[in-house]
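The values are calculated or read from the model by the stated rules, or taken from the named source; none is laboratory data. From a predicted model like this one, the values you see are computed outputs, not experimental measurements. A quick note on method: Cβ atoms are made from the backbone with ideal geometry, for glycine too, and the neighbour counts reach across all protein chains shown. SASA here: full protein model, heavy atoms, side chains in, ligands and nucleic acids out. Shrake-Rupley method; radii C 1.70, N 1.55, O 1.52, S 1.80 Å.
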Amino acid sequence: MSLSGSSVIVTGAGAGLGRAYALELARQGAKVVVNDVSEDAAGAVVDEISSAGGEAVAAVVPVGDSAAADQLVQTAVDSFGRLDALVTNAGILRDKSLLKMTDEDFDAVIHVHLRGTFTCVRAAYKYFKENGVAGHIVCIGSPTGQRGNFGQTNYAAAKAGIVGMVRTWALEMKKAGVTVNAVIPVAATAMTKTVPYFRAAVEADERGEPMPDFFRKDLGFGPADDVAGVVAFLASSEADGITGQVLGAGGDRLQVWSHPQPVAEEYHDGGWDFSTTSDRGNAIVKENLQDVGEKFPELPDELKPKD
Ligand SMILES: NC(=O)c1ccc[n+]([C@@H]2O[C@H](COP(=O)([O-])OP(=O)(O)OC[C@H]3O[C@@H](n4cnc5c(N)ncnc54)[C@H](O)[C@@H]3O)[C@@H](O)[C@H]2O)c1
């Protein structure tokens, strides 16, 4: 197994997707540092891995600051003698429309997702460089960061920022042979449970039943386990040569996202002054208007929330 004996940190691994990543990495032979803010949740995942014959250690610390990132790398080295991969997954939501969003709502989300990803990746990369390890980094984005979503100013900023950092890091880390990619997951977890659109799928999952085909096949939405294989792949040497990529995963679907690039380009001698832009520029922009927002196809009647 390509992850056999490797040592991997997963942040926010006490629940939801992070838990699924930690369990899958352990199934593939990795030793896992299970990070979370909840001691009980992290401990339960460590117990699950240990009782299945794997190796794991809990690291209970809120990611965000540099000290937490350093602590995670140190835990991997102290417990397993090395570090091979990092999955930055920890996250919170503070959803509100723009005028209702406070500075605290904005800062809290940026701190955990964006700063937490920055500090953890920096600490892991420092270790990789100093120890000549061609490590693997997987950062977790969101469809909201790719497309925008109503009520998620803070989260959109953080998740778009994460993908922006991944592009930059792919350039900076290339020479060291370190890969860095983003995964855009969609899955039934505490985070999506409250969204009425997903209710029929989440309820089926909670009853231990398979999700309706519409969710798995049309929407790419399933249990957290569906994303875990893709994350474990990117954290393994199987994925060597793949870097700077953004993969969507969920349900039965795997996606490769494009990076933004111009869809129209035109030159005007002397530049684009107000009047040229109002005239020719205006026409070019209107011919090439881009849509925004996540695409949610209409639910079949039987799957529509009843209230
Ligand atoms: N569920 C989805 O469909 C979906 C879609 C897109 C992106 N994501 C992203 O996937 C990641 C996991 O989401 P989820 O749905 O499993 O969420 P979740 O709320 O079920 O789990 C998040 C975990 O992170 C932990 N956590 C929160 N703040 C932390 C911190 N500062 N340090 C360490 N741990 C912390 C929580 O205690 C929890 O165990 C997040 O980054 C989220 O934005 C999820």
For the stretch 244-254, state whether one or more residues are more than 26 Å from Phe198 (Cβ to Cβ), of a type in the set (S, T, N, Q) and either assigned to a helix (DSSP H, G or I) or free of Cβ contacts under 8 Å to residues at least 60 places away in the same chain (or both). no
Note on the stretch 143-199: residues among the aromatic types (Phe, Trp, Tyr), in contact with a Gly (Cβ under 9 Å, 6 or more places away or on another chain) and either more than 8 Å from the ligand (Cβ to nearest atom) or part of a strand (DSSP E or B) (or both) are Phe150, Trp169
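Can you say whether Thr189 is out of contact with any Phe, Trp or Tyr (no Cβ under 6 Å at 6 or more places or on another chain), under 25 Å from Ala85 (Cβ atoms) and at pLDDT 95 or above, as far as the supplied structure shows? Give the steps one after another, and end with the answer.
Working: out of contact with any Phe, Trp or Tyr (no Cβ under 6 Å at 6 or more places or on another chain): yes; under 25 Å from Ala85 (Cβ atoms): yes; at pLDDT 95 or above: no.
So Thr189 does not fit the description; no.
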Look through Ala59, Ala123 and report the one residue that is within 15 Å of the ligand (Cβ to nearest atom), hydrophobic (A, V, I, L, M, F, W, C), closer than 19 Å to Ser6 by Cα and outside any helix (DSSP H, G or I). Ala59
Cβ-Cβ under 6 Å pairs, at least 6 apart or on other chains, the stretch 187-200 side open to solvent by less than 70 Å² (accessible area, probe 1.4 Å), far side near the ligand (Cβ under 8 Å from one of its atoms): Ala187/Leu17; Ala187/Ala224; Ala187/Gly250; Thr189/Gly16; Thr189/Leu17; Thr189/Ala224; Phe198/Thr192
Taking the conditions exactly as written (near the ligand (Cβ under 10 Å from one of its atoms), of a type outside the set (Gly, Ala, Ser) and under 26 Å from Gly145 (Cβ atoms)), does Val32 satisfy them or not? no
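Considering only residues of the stretch 250-307 that are on the phi > 0 side of the Ramachandran plot and surrounded by 10 or more Cβ atoms within 10 Å (Cβ to Cβ), which is farthest from the chain's Cα centre (by Cα)?
First, pick out the residues of the stretch 250-307 that are on the phi > 0 side of the Ramachandran plot: 250-251, 270-271, 293.
From what is left, the residues that are surrounded by 10 or more Cβ atoms within 10 Å (Cβ to Cβ) are 250-251, 293.
Values: Gly250: 12, Gly251: 16, Gly293: 18 Å.
Going through the qualifying residues, I end up with Gly293.
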List every residue pair whose Cβ atoms sit under 6 Å apart, with the two residues 6 or more apart in sequence or on different chains, where the first one lies in the stretch 1-14 and is touching a residue at least 60 places away in the same chain (Cβ under 8 Å) and the second, anywhere, is part of a loop (DSSP other than H, G, I, E, B) and among the aliphatic types (A, V, I, L, M). Leu3/Ala30; Ser6/Ala30; Ser7/Leu83; Val8/Ala30; Val8/Ala235; Thr11/Ala90; Gly12/Ala90
Subset of the stretch 15-29, residues within 13 Å of the ligand (Cβ to nearest atom) and without any contact (Cβ under 8 Å) to a residue 60 or more places away in the chain, comes to Ala22
State the number of residues belonging to the stretch 1-26 that are surrounded by fewer than 24 Cβ atoms within 10 Å (Cβ to Cβ) and in a loop (DSSP other than H, G, I, E, B). 5
Count of residues meeting criterion [closer than 21 Å to Val195 by Cβ and among the charged types (D, E, K, R)] in the stretch 88-112: 5
